[in-house]
Amino acid sequence: MALLVLILLGATLGWLASILARTESPRDILRQIGLGLVVAVVAGEIANQGTVIGSLSLLGLGVALAACIVALVLYHALARRRAGA
C-alpha cells in the first residue's frame, strides 16, 4: 500500500509542477511526472527504512513530499537556465 501511495504522490506532484510551470510539451510533462514519481518512491523507501510493501510512516511521507518538491524545483531552475543560455 505504501508503494502505491508514493507512486500517486510523486506522479501528482510532477503533474502539478508541470501545470505551475505552464509546460506545453508532452515530453516535458511526462519527464516531470516521471521525475516526481522516481524521487518520491526512492526518498519514501529510504525514509521508511526500506519497507514500502507494508505501511507508510508519516516521516516517510513527509520526506518523499519534500524531496519531490526540491527535485522538481531544481529541475525547473536548471531547465530555465539551460533555455536562457
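Just so you know, all these numbers are worked out from the coordinates, no wet-lab data involved. Only a predicted model underlies this, so the values are computations on that prediction, with no experimental measurement involved. Every residue, glycine as well, gets a Cβ built from its backbone with ideal geometry; the counts of neighbours run over all protein chains shown.
Rounded to the nearest 20 debye, the dipole size of the stretch 2-84 about its Cα centre is 360 debye, using +1 on the Cβ of Lys and Arg and -1 on the Cβ of Asp and Glu.
Taking the charge dipole of the chain about its Cα centre, with +1 at Lys and Arg Cβ atoms and -1 at Asp and Glu Cβ atoms, the residue from 21, 39, 58 reaching farthest to the positive side is 21. Angle of helix 2-20 to the longest C-alpha principal axis of the chain, folded into 0 to 90 degrees and rounded to 10: 20°.
Computed on the chain, with alpha-carbon pairs under 8 angstrom and 6+ residues apart, the relative contact order is 35 percent. With Cα atoms as the point set, the chain shows a radius of gyration and Dmax of 13.4, 46 Å.
Between the helical axis of 26-47 and the longest alpha-carbon principal axis of the chain there is an angle of about 30 degrees. When the charge dipole of the chain is built from unit charges on Cβ atoms (+1 for Lys and Arg, -1 for Asp and Glu) and taken about the Cα centre, the candidate among 84, 30, 12 whose Cα reaches farthest toward its positive end is 84.
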